[in-house]
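A.B. asks: First the structure, which I've put down as C-alpha cells, then a few questions once you've had a look.
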2 protein chains.
Amino acid sequence: MKPSRVASTRSKGLAAEIGKTNPFQSATQEAYLNLIRTAAILSNQLERLFKTRGLSESTYNILRILRGVAGLQGAPLSKYGDEHTRAGLPLTEIGERMIAPVPDVTRLIDRLERLAFATRRRCDKDRRVIYACITDAGLDVLHEFDATVMEIHEEHLGHMSRSELEQMSALLEKARDAANPGGREEGKQARKDTI
Amino acid sequence: MKPSRVASTRSKGLAAEIGKTNPFQSATQEAYLNLIRTAAILSNQLERLFKTRGLSESTYNILRILRGVAGLQGAPLSKYGDEHTRAGLPLTEIGERMIAPVPDVTRLIDRLERLAFATRRRCDKDRRVIYACITDAGLDVLHEFDATVMEIHEEHLGHMSRSELEQMSALLEKARDAANPGGREEGKQARKDTI
DNA sequence: GTGCGATTATTGTTGAAACGATTATCGTCG
DNA sequence: CGACGATAATCGTTTCAACAATAATCGCAC
C-alpha cells in the first residue's frame with residue numbers, strides 16, 4: 001500500500017535495542033512526549049474559549065491572520081471594487097501562514113463565512129484565486145477575545161521568567177529545524193506571526 | 001450561555017494594551033505559538049505512520065500504555081479467568097495515563113477491538129469497570145512500529161544535544177505546571193510514561 | 001489560438017474528536 | 001431491604017479534520 005516514505009526502510013541499527021531501553025527510552029522521546037502533552041493541555045483552554053463563539057483554534061488562527069493584513073496599505077484588494085473592501089489573502093497563502101499546517105482551508109473559510117466573520121472575493125487578475133477578508137463582525141469577535149487570550153497566556157506561562165520563555169522558544173524553533181515535512185521551511189519567508 | 005469559567009471576567013488591566021503591543025505581543029504568546037507549531041509538525045509524521053495500520057496517535061498511545069502493563073506480575077486480571085489472560089487496565093485509568101487527555105476512551109477501545117488489537121473484559125469485583133487488554137496482534141503491530149518510531153524521533157530531535165533536550169523537557173514540564181485544567185495534576189501520581 | 005501541464009479552489013467521503021445525555025452498577029444510609 | 005448519590009462506561013449527535021478526486025483557470029509551448 002505504499003507506506004509513502006514515512007515507513008520506509010530506515011535501519012540505523014537502533015532497532016534491535018527496543019524493549020531493553022532506559023526508563024524514557026531516549027531523551028528525544030521524552031522531549032517529544034513533553035511537547036505533545038504540554039501543547040494539548042495549553043491549547044485546551046483556548047479552544048474552549050473560541051468555541052463559545054463557534055470558532056476552533058484553526059478558524060481563530062485564520063481570523064488573526066486576516067486581521068493582520070486587513071489594515072495594510074498596499075493590500076491586494078484595495079485596487080479592486082468598492083472603497084469599502086478590506087484587504088484579504090488568497091486561501092493558499094492563508095494555509096502557509098497558519099501555525100498548524102492544515103490542508104482544506106476552503107472548509108475553514110466556509111465556516112467563517114457562515115458565521116459572517118469572513119467573506120470571499122474572487123481575484124480578477126487570476127480568477128483561480130479567492131481572497132478571504134475579515135468582516136467587521138470578525139474584527140469584533142477577535143477584539144472580544146483579545147484580552148482573555150492574553151490573560152490565559154499569562155496564566156499559563158506567566159510564572160516563567162522572560163529568559164525561560166525565550167529559551168523555550170529558541171529550543172522549540174531548533175526542534176522544528178530538522179522536521180520540515182516535505183523539505184525545507186518555505187524559502188518565501190512566510191511569517192507565522194499570529195495565533 | 002455560561003462561559004464555563006474560561007471566559008470569566010478576568011481583568012488584570014493588560015486588556016487595554018491590545019493592538020499597540022510588541023511584534024510578538026508578549027513572550028508568553030510567542031512561546032505558545034512555537035509550542036503549538038512544533039507539536040503539530042512533529043506529530044504529523046508519526047500520525048501518518050500510525051495510520052498505515054489504522055491507528056491514530058491516541059489509539060497508539062493506548063496500545064503503548066496497555067503494553068506497559070501487560071507484563072506486570074501483580075496485574076489485576078491475572079487472578080481472574082483462564083491462564084492466558086493478559087493484564088489490562090480500566091478505561092478510566094487509561095484515560096488518565098494518556099499524554100493528551102481525551103474523554104471517550106470507549107470509542108478508542110472500540111476501534112482497537114475492531115482492529116483486533118485489544119479486548120475488553122468485565123471486572124467481576126466491580127461490574128461497572130471494563131478492563132482493556134492488548135492482544136498478540138496489538139503487541140505485534142507495536143513491535144512493528146518500535147524501530148521506526150525511535151528513528152523518527154532521532155531524525156526530528158537527534159540534532160539537538162542531550163542537554164538541550166533535557167532543558168526543553170524541563171521547560172515544557174514547568175510550562176505545564178500552571179495550566180492544570182480543572183485543577184491540580186492528579187495527586188494519584190499518574191505516570192504518563194509512554195507515548 | 002490550441003493543447004498541456006501546473007496551480008487554485010471546491011467537493012465527496014470517510015474517519016475521528018467533542019459534548020451531552022443515558023444506562024448500569026456500586027456503596028451507603030435510612 | 002430499598003432508595004439515593006456517585007462512579008464507569010456507553011451511546012447519539014454534532015462538529016471537525018484528512019484524503020482523494022474533480023473542476024476551473026492560468027502560463028506557455030508549439
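A.B. asks: Given the conditions (1) part of a loop (DSSP other than H, G, I, E, B); (2) surrounded by fewer than 15 Cβ atoms within 10 Å (Cβ to Cβ); (3) at pLDDT below 90, report the number of the one that B:Val102 does not fulfil.
C.D. replies: Here B:Val102 clears every test but (2).
A.B. asks: Check off (1) away from chain B (no Cβ under 12 Å); (2) at pLDDT 90 or above for A:Gly81 and give me the number that stays unchecked.
C.D. replies: (2)
A.B. asks: Looking at the stretch A:44-66, which of its residues are under 17 Å from A:Pro90 (Cβ atoms) and either over 14 Å from the mean Cα position of the chain (by Cα) or aliphatic (A, V, I, L, M) (or both)?
C.D. replies: Answer for the stretch A:44-66, where residues must be under 17 Å from A:Pro90 (Cβ atoms) and either over 14 Å from the mean Cα position of the chain (by Cα) or aliphatic (A, V, I, L, M) (or both): A:Ile62, A:Leu63, A:Ile65, A:Leu66.
A.B. asks: Hey, does the stretch B:99-116 have a residue that's more than 9 Å from DNA strand C (Cβ to nearest atom), under 19 Å from A:Ala40 (Cα atoms) and within 14 Å of chain A (Cβ to nearest Cβ)?
C.D. replies: Yes; the residues of the stretch B:99-116 include at least one that is more than 9 Å from DNA strand C (Cβ to nearest atom), under 19 Å from A:Ala40 (Cα atoms) and within 14 Å of chain A (Cβ to nearest Cβ).
A.B. asks: Since B:Ser58 meets every condition but one in (1) more than 9 Å from every other protein chain (Cβ to nearest Cβ); (2) crowded, with 17+ Cβ neighbours inside 10 Å; (3) at pLDDT below 50, which condition does it not meet?
C.D. replies: (3) is the only condition that B:Ser58 fails.
A.B. asks: If you don't mind, another one. Just to be sure, is A:Glu185 more than 16 Å from DNA strand C (Cβ to nearest atom) and at pLDDT below 90?
C.D. replies: Numbers: more than 16 Å from DNA strand C (Cβ to nearest atom): yes; at pLDDT below 90: yes.
Here the answer is yes, as A:Glu185 does meet what is asked.
A.B. asks: Condition first: surrounded by 18 or more Cβ atoms within 10 Å (Cβ to Cβ) and away from every other protein chain (no Cβ under 14 Å). Can you find one or more residues in the stretch A:139-154 that meet it?
C.D. replies: no
A.B. asks: Test A:Thr92 against the criterion of being modelled with pLDDT of 90 or more and surrounded by 14 or more Cβ atoms within 10 Å (Cβ to Cβ), and give yes or no.
C.D. replies: no
A.B. asks: Also, I was wondering about something else. Quick check on my filter: what residues within the stretch B:29-51 are surrounded by 22 or more Cβ atoms within 10 Å (Cβ to Cβ) and of a type in the set (Ser, Thr, Tyr)?
C.D. replies: Selection gives B:Tyr32, B:Thr38.
A.B. asks: Could you list, in sequence order, all residues of the stretch B:124-134 that are touching a residue at least 24 places away in the same chain (Cβ under 8 Å), over 13 Å from B:Thr92 (Cα atoms) and within 14 Å of DNA strand C (Cβ to nearest atom)? Can you show your working first?
C.D. replies: Residues of the stretch B:124-134 that are touching a residue at least 24 places away in the same chain (Cβ under 8 Å), as a first pass: B:124, B:129-134.
Checking the rest, the ones that are also over 13 Å from B:Thr92 (Cα atoms) come to B:124, B:133-134.
Hit for the stretch B:124-134 is B:Asp124, nothing else.
A.B. asks: Being surrounded by 12 or more Cβ atoms within 10 Å (Cβ to Cβ) and farther than 16 Å from B:Val69 by Cα is the filter here, so list the residues in the stretch B:123-136 that pass it. Before you say what the answer is, go through the steps one by one.
C.D. replies: Taking the stretch B:123-136 as the starting set, the residues that turn out to be surrounded by 12 or more Cβ atoms within 10 Å (Cβ to Cβ) are B:123, B:129-135.
If the condition is that a residue be surrounded by 12 or more Cβ atoms within 10 Å (Cβ to Cβ) and farther than 16 Å from B:Val69 by Cα, then B:Cys123, B:Val129 are the ones that fit.
A.B. asks: In the stretch B:106-121, what residues are farther than 17 Å from B:Val69 by Cα and either touching a residue at least 24 places away in the same chain (Cβ under 8 Å) or not polar (S, T, N, Q) (or both)?
C.D. replies: Here is the first cut: in the stretch B:106-121, the ones farther than 17 Å from B:Val69 by Cα are B:106-108, B:110-111, B:113-116.
Within the stretch B:106-121, B:Arg107, B:Leu108, B:Asp110, B:Arg111, B:Glu113, B:Arg114, B:Leu115, B:Ala116 meet the criteria.
Every residue, every condition in (1) within 7 Å of chain A (Cβ to nearest Cβ); (2) within 16 Å of DNA strand D (Cβ to nearest atom); (3) at pLDDT 85 or above, yes or no:
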position	(1), (2), (3)
B:Lys20	no, no, no
B:Ile41	yes, yes, yes
B:Glu47	no, yes, yes
B:Gly71	no, no, no
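A.B. asks: Of (1) facing chain B (nearest Cβ under 8 Å); (2) part of a helix (DSSP H, G or I); (3) within 19 Å of B:Ala175 (Cβ to Cβ), A:Ala170 satisfies all except one. Which?
C.D. replies: For A:Ala170, the failing item is (1).
A.B. asks: Among the numbered conditions (1) over 24 Å from B:Gln45 (Cβ atoms); (2) touching a residue at least 12 places away in the same chain (Cβ under 8 Å); (3) of a type in the set (D, E, K, R); (4) within 16 Å of DNA strand D (Cβ to nearest atom), tell me where A:Glu144 comes up short.
C.D. replies: Only one criterion is unmet by A:Glu144, namely (4).
The values are calculated or read from the model by the stated rules, or taken from the named source; none is laboratory data. In this text the structure is predicted, and so the values were computed from the model without any measurement. Cβ atoms come from the backbone with ideal geometry, glycine included; neighbour counts cover every protein chain shown.
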